[in-house]
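One structure coming up, written as structure tokens, with questions to follow.
The values are calculated or read from the model by the stated rules, or taken from the named source; none is laboratory data. Treat the numbers as computed from the prediction; the structure is a model and nothing was measured. Counting neighbours? That spans all protein chains shown, and the Cβs are built from the backbone with ideal geometry, glycine included. The protein model used for the area step is the full one, side chains on, heavy atoms only, and it has no ligands, DNA or RNA in it. Shrake-Rupley method; radii C 1.70, N 1.55, O 1.52, S 1.80 Å.
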Amino acid sequence: MFVQLPVTAILLALGIALLVTPLVRKWAFKWGALDRPDRRKVHERLMPRLGGLAVYLSFVAAVLLTQEVTPQTMGLIVGGSLIVLLGLIDDTRGVSPRVKLAGQIVAAFAVIPFGLEVKFITNPFSAEMIALGLFSIPVTVLWLVSVTNAVNLIDGLDGLAGGTTFIALLTLAAVVWIEVTRAEISSPGQRGAVVLALILAGAIFGFLRYNFYPARIFLGDTGSMFLGYSVAVLAIMGLAKGATFISVIIPVVILGIPLLDTVFAVVRRYCGHRPILQPDKEHLHHRLLEMGLSHRQAVLCIYAVNIILGLSAILLTLLTPKQAVLLLAALSTIILIAANKIGVTGIGKPGSYLPSSGKQQRSSRM
């Protein structure tokens, strides 16, 4: 099944992002959506942080102007709008972690009436489909909230979250495109996932002109949560209907860096008897900076790992199940060894715990 590339829509999203981002930057200063330096952040000057609004506006405008709006596309726009609204409030006024989590859960539930739901998983040892039944909605919500927060947490260096998501979207589009072309029958959701992923990638690419080091504007919670949420929704659209267990694993591989960085953060804080939601300076990008890499080098290093994981995800779709399992085992082993060597797992190292100062600690750019 041929999927026509949305060249016009991609260029439109990119162009709008290039034009709108400077305007959003001015709004950020006017509305007080500013990120102030502190001891857990790497930037040293006041920075506007409404960049995600520019990405959102560029993406939605390009979609509405060039694409047929299907129910699933509308679900992404509705849920994404709720996430952006939550991010705008957090970036301008600040919200507590509990309120933020509650808002993310509401946005996750919002897509379910539009048919965006993980209704089954596949048996890792056979092609047998396992219906989730009553667990379908909880699994969907957990996936959406987890990926949303994973991208939010990795937004710690100029261009890091945007570039990571850009690579993930291109990988997702490639993987779904391969699945669609090999299948005798493909769903409109799968074809739509390819198109929407590429349009969002175009919007991000335009925004990176102002966000890559040295950044002139940050994504903020508005952007990092919107990007994470959108990738999670698109993964459901494009890959949740796969017939093998590899289809379940691929989204995890595509989002390997943000997801693993989040898992390691939870593990090291729990094992260190520290509050799970309390920020620290032990994320992957912090460790790379401590190792002597420059800001730009650290970001490019993580980009390289993302590309390797993306290529691995594409390769998984072309391998037999046994070969795929061997590749996953090799990747897992290498990642765990490298993570422990760098120090993101916290094993054998006291870490740099940052006690609360009494003021609200934001999750963005941790």
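When you go through (1) surrounded by fewer than 19 Cβ atoms within 10 Å (Cβ to Cβ); (2) at pLDDT below 95; (3) in a helix (DSSP H, G or I) one by one for residue 69, which number turns out not to apply?
(3) is the only condition that residue 69 fails.
Now for a separate question. Within the bounds of the stretch 120-133, is there any residue that is modelled with pLDDT of 85 or more and either surrounded by 16 or more Cβ atoms within 10 Å (Cβ to Cβ) or in a strand (DSSP E or B) (or both)?
Within the stretch 120-133, none of the residues are modelled with pLDDT of 85 or more and either surrounded by 16 or more Cβ atoms within 10 Å (Cβ to Cβ) or in a strand (DSSP E or B) (or both).
How many residues, within the stretch 177-225, are among the aliphatic types (A, V, I, L, M) and open to solvent by 10 Å² or more (accessible area, probe 1.4 Å)?
Total meeting the criteria: 6.
I've got another one for you. Report whether or not residue 52 is part of a helix (DSSP H, G or I), touching a Leu at 6+ places or on another chain (Cβ under 6 Å) and of a type outside the set (Val, Ile, Thr).
Considered against the rule, which asks whether it is part of a helix (DSSP H, G or I), touching a Leu at 6+ places or on another chain (Cβ under 6 Å) and of a type outside the set (Val, Ile, Thr), residue 52 comes out as yes.
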